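Working notes for the structure below.
The values are calculated or read from the model by the stated rules, or taken from the named source; none is laboratory data. None of these values were measured; they are calculated from a predicted model. Here Cβ is always computed from backbone atoms with ideal geometry, including for glycine, and neighbour counts include all displayed protein chains.
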Amino acid sequence: MKIFVIGAGQVGFTIVDALHAHHEITVLDTEPSRLRAISERYDVATFEGDGTSQRDLAAAGIKTADLVIACTSRDEANLVAGMFSRREAKHATTVIRTSNVEYVELWHAGQLDVDFVVSSELETAHAISRIIGVPAARQTDVFAEGQVQIVEFDVTEGASPAIAGLPLRRAEVPDDSKVAAIIRGDDLSFPGGDDEIHPGDRIVVIGSPQAAQAWSTLLAPKGASVRDVVIFGGGRVGTAIARVLLDQGIGVRVIEASREQARRVAESLPKASVYNATGIDPDFLERERIGQAQAAIFAMKDDAKNLYAASLVEVHGVPFTVGIAHEPISVEAFEHAGIDVSVNPRAVTAEEIIRFAHDPRTRQVSMLEGNQYEVLDVTTRPTSSYAGQRFRDMPIRGALIGALVRNGTAIFPHGDDVLEAGDRVILFTRSADAQRVVEAL
């Protein structure tokens, strides 16, 4: 596939990193230093130019593109680039990135002339809502219209002896779930019945949402469902997170330093409690009993402020913290400092965009462990050699099928179950093997 990427920032860089091995990619940006950084690392074509210039787009060869991705940091530039691309590359799929939920609403209303719009705010909000739903999770995503959940857990010393230290065939593995992978240090294995889970491991589980909750209880027995959340920062991202959590029936308190912004948040989210405060005043934290919240989310624009505020609320007793890391390096810094989960909005946005470059049968993609591994939702071809085979007999190497969707219903297969043509399979694999595995199906 010929892919044309407009924007060589963090999102564009992540997209190129995930797709360069299997696609012909051209990257356009106005900054030579960004283009140089990409071209020195990847075998891709680069072009210095403006995505809002129809002349530059044409000169860079956009006419032959199969997929156009406009992912600069400027919403309006992405919108203009997307509309110009529709004229220049008439047969290409056009995807634009936005940080404004209003553009998504306009697209749904048919008022934007692009094929798809991906919102950084909404992707981040949904990612965090899934994490809040499974407090012990390091990362989680949902597939098959919410019927299948993929969860990455760190196994700690507090894990139940019913699951840790036993061969999986003897362990009390929750129904409708499967351990897709065990990550031990730098090694990943696709486990069998004789393999064991130990403290210090990281595991990937595919199962029903109920099974995900059961795994959370087994691996973190003191964990509980979260019903009271404090959000630090009432900007676009913080407001989007608050709206999604309120829709799920979770109580939300928002702390916003700007008086005017706090007023806007209070008006737009009448069910939330909104405070005009910095959130880093110990007297305020004590007076408003912030430490009694079950979880705190740090969505301010400054990573350093998010880190400092997280440290304060942990001292005051908040048991679970989620940090929005705007810079990639902050993800590691947050985790070293004790923030339970870090979310990079640019990374989750890139992950959503990447799926458009996969085989058309791929309905969803989730990236794990710095894009080293993928979970894919792929429809089985009628001509697939695996159709009609029992799962225990399938010679698929380097992948594990954790669930399938048949006639709209999720099934968590056992060894004697048979794969049928047209089944949607939810599988886990290394990113380097993803194309080979999809082609096999």
For residues in segment 154-178 being of a type in the set (Val, Ile, Thr) and under 15 Å from PRO199 (Cα atoms), which is surrounded by the most Cβ atoms within 10 Å (Cβ to Cβ)? VAL155
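Every residue, every condition in (1) buried (at least 22 other Cβ atoms within 10 Å of the Cβ); (2) within 14 Å of the chain's Cα centre (by Cα), yes or no:
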| residue | (1), (2) |
| --- | --- |
| HIS316 | no, no |
| PHE320 | yes, no |
| ILE324 | yes, yes |
| GLU332 | no, no |
| VAL343 | yes, yes |
| ALA350 | yes, yes |
| VAL365 | yes, yes |
| LEU368 | yes, yes |
| THR380 | no, no |
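If you check ALA277, ALA272, ALA304, which single one turns out to be surrounded by fewer than 23 Cβ atoms within 10 Å (Cβ to Cβ), closer than 24 Å to VAL343 by Cα and over 28 Å from the mean Cα position of the chain (by Cα)? Outline the logic, then answer.
On the way: ALA272 fails: over 28 Å from the mean Cα position of the chain (by Cα); ALA304 fails: over 28 Å from the mean Cα position of the chain (by Cα).
After applying the criteria, what remains is ALA277.
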Pull out all pairs, ordered by first then second residue, where Cβ-Cβ is under 6 Å, the residues are six or more apart or on different chains, the first lies in segment 160-176 and is touching a residue at least 60 places away in the same chain (Cβ under 8 Å), and the second is part of a loop (DSSP other than H, G, I, E, B) and of a type outside the set (Lys, Arg). ASP176/SER208; ASP176/PHE412
Looking at this structure, is ALA137 more than 19 Å from GLY233 (Cβ to Cβ), among the small types (Gly, Ala, Ser) and either at pLDDT below 85 or in the same structural domain as MET300 (by TED's automatic domain parsing) (or both)? yes
Could you pull out the residue among PHE391, PHE334 that is within 30 Å of ASN306 (Cβ to Cβ) and in contact with a strand residue (DSSP E or B) (Cβ under 8 Å, 6 or more places away or on another chain)? PHE334
Name the residue, out of LEU400, LEU376, that is in contact with a helix residue (DSSP H, G or I) (Cβ under 9 Å, 6 or more places away or on another chain) and under 18 Å from GLN149 (Cβ atoms). LEU376
For GLY238, all conditions in the list (1) surrounded by 23 or more Cβ atoms within 10 Å (Cβ to Cβ); (2) more than 22 Å from PRO345 (Cα to Cα); (3) of a type in the set (Gly, Ala, Ser) hold save one; what is the number of the exception? (2)
Selected residue (criterion: farthest from LEU376 (Cα to Cα)) from residues of segment 408-432 that are of a type in the set (Ser, Thr, Tyr) and touching a strand residue (DSSP E or B) at 6+ places or on another chain (Cβ under 8 Å): SER431
Residue by residue through segment 165-192, note down the ones that are at pLDDT 90 or above and among the aliphatic types (A, V, I, L, M). LEU166, LEU168, ALA171, VAL173, VAL179, ALA180, ALA181, ILE182, ILE183
Picked from segment 3-26 (must be at pLDDT below 90 and of a type in the set (A, V, I, L, M)), the residue surrounded by the fewest Cβ atoms within 10 Å (Cβ to Cβ) is ALA21
Taking helices (runs of 4 or more DSSP H) that do not extend beyond segment 1-116, which have at least 1 residues that are under 24 Å from the mean Cα position of the chain (by Cα)? 10-19, 32-41, 75-88, 101-108
I'd like to verify a number: residues in segment 143-170 that are assigned to a loop (DSSP other than H, G, I, E, B), charged (D, E, K, R) and at positive phi, how many? 0
